[in-house]
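First up is the structure itself, then whatever we jot down about it.
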Amino acid sequence: MCVSTVTASGVPSSRFVLFKELDSRGFIFYTNYTSRKSKELQENPRAALAFYWKAVSRQVRVIGRVEKIGREQNEEYFKSRPVGSRLGAWASPQSTVVEEGELRDRLDKVKEQFGVNGSEDADIPLPDFWGGWRVIPDEVEFWSGKPSRLHDRLRYVRLEGSSDDDPKWKIVRLAP
């Protein structure tokens with residue numbers, strides 16, 4: 001999915017991330033909490049998401065508030081990742097400038113730190129600087145492409161005062 005964030009001074013930024021889960025409160029993805037996107041989410045705790053399926057001419061847009069995922073859920077997901085991805089989370093200072101060969105050197109040090117010699121599974125702990133974000137939707141738009149650009153668009157807008165755990169929605173149709 002594409003996730004868009006905005007700095008405190010209003011500069012937007014978009015990037016594609018792995019959409020991992022939809023739970024009863026929102027859309028979840030995982031990242032390094034020191035990355036650019038996490039810093040922007042901490043400064044301005046709102047995000048926009050976009051999903052696009054060209055083959056079926058569909059897209060979904062989401063706008064909402066963000067919250068960090070709890071440690072227990074972060075640990076559960078982190079342990080399910082391949083060993084290389086867990087090592088990479090420790091080795092990569094995400095969104096920072098690195099020199100040629102620096103990531104390889106950092107990865108070698110992390111492997112040594114956790115006693116990993118090859119691709120075998122290993123007990124690699126969850127870093128404190130890594131975890132998930134949940135986007136709690138305030139608005140969701142479903143778009144279905146139609147001939148002659150007469151696309152079908154439905155927007156769900158969360159009713160004011162509606163709870164995150166049991167949201168109520170107003171549904172409107174939008175012109176293409």
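State all residues of segment 49-83 that are surrounded by 13 or more Cβ atoms within 10 Å (Cβ to Cβ), charged (D, E, K, R) and closer than 30 Å to LYS146 by Cα; if no residue qualifies, say none.
Once the filter is applied, which keeps residues that are surrounded by 13 or more Cβ atoms within 10 Å (Cβ to Cβ), charged (D, E, K, R) and closer than 30 Å to LYS146 by Cα, segment 49-83 yields ARG58, ARG61.
If you scan segment 97-109, which residues turn out to be open to solvent by 80 Å² or more (accessible area, probe 1.4 Å) and among the β-branched types (Val, Ile, Thr)?
The answer is VAL97, and nothing else.
Considering each residue of segment 28-62, count those that are of a type outside the set (Ser, Thr, Tyr), in contact with a helix residue (DSSP H, G or I) (Cβ under 8 Å, 6 or more places away or on another chain) and within 13 Å of THR5 (Cβ to Cβ), and give that number.
1
When you check GLY88 against the structure, is it open to solvent by less than 20 Å² (accessible area, probe 1.4 Å) and more than 12 Å from the chain's Cα centre (by Cα), yes or no?
Considered against the rule, which asks whether it is open to solvent by less than 20 Å² (accessible area, probe 1.4 Å) and more than 12 Å from the chain's Cα centre (by Cα), GLY88 comes out as no.
Select from segment 42-62 the residues that are more than 14 Å from ARG134 (Cβ to Cβ) and either assigned to a strand (DSSP E or B) or touching a residue at least 40 places away in the same chain (Cβ under 8 Å) (or both) and list them in ascending order.
Once the filter is applied, which keeps residues that are more than 14 Å from ARG134 (Cβ to Cβ) and either assigned to a strand (DSSP E or B) or touching a residue at least 40 places away in the same chain (Cβ under 8 Å) (or both), segment 42-62 yields ALA48, ALA50, PHE51, TYR52, TRP53, SER57, ARG58, GLN59, VAL60, ARG61.
Pick from segment 110-145 the residues that are modelled with pLDDT of 95 or more and open to solvent by 70 Å² or more (accessible area, probe 1.4 Å): which of them is nearest to PRO176 (Cα to Cα)?
Checked segment 110-145; the qualifying residue nearest to PRO176 (Cα to Cα) is PHE142.
Could you list, in sequence order, all residues of segment 12-41 that are farther than 21 Å from ALA91 by Cα and part of a loop (DSSP other than H, G, I, E, B)?
PHE19, LYS20, ASP23, SER24, ARG25, GLY26
Given the condition open to solvent by 20 Å² or more (accessible area, probe 1.4 Å), closer than 30 Å to PRO93 by Cβ and of a type in the set (S, T, N, Q), answer yes or no: does some residue in segment 153-174 qualify?
no
Take GLN94 and tell me if it is at pLDDT below 95, under 15 Å from the mean Cα position of the chain (by Cα) and not hydrophobic (A, V, I, L, M, F, W, C).
Considered against the rule, which asks whether it is at pLDDT below 95, under 15 Å from the mean Cα position of the chain (by Cα) and not hydrophobic (A, V, I, L, M, F, W, C), GLN94 comes out as yes.
Do any strands (runs of 3 or more DSSP E) entirely within segment 63-176 hold 1 or more residues that are over 25 Å from LEU41 (Cβ atoms) and free of Cβ contacts under 8 Å to residues at least 40 places away in the same chain, and if so, which?
152-158, 169-174
Just to be sure I understand, how many residues within segment 7-48 are under 22 Å from THR96 (Cα atoms) and either surrounded by 17 or more Cβ atoms within 10 Å (Cβ to Cβ) or within 14 Å of the chain's Cα centre (by Cα) (or both)?
Going through segment 7-48 one residue at a time, the tally reaches 22.
The values are calculated or read from the model by the stated rules, or taken from the named source; none is laboratory data. All of these numbers come straight from a predicted model, not from anything done at the bench. As a convention, Cβ positions derive from the backbone with ideal geometry for all residues, glycine included, and neighbour counts pool all protein chains shown. For the accessible areas, the whole protein counts, side chains as well, though only heavy atoms, and no ligand, DNA or RNA atoms are used. Shrake-Rupley method; radii C 1.70, N 1.55, O 1.52, S 1.80 Å.
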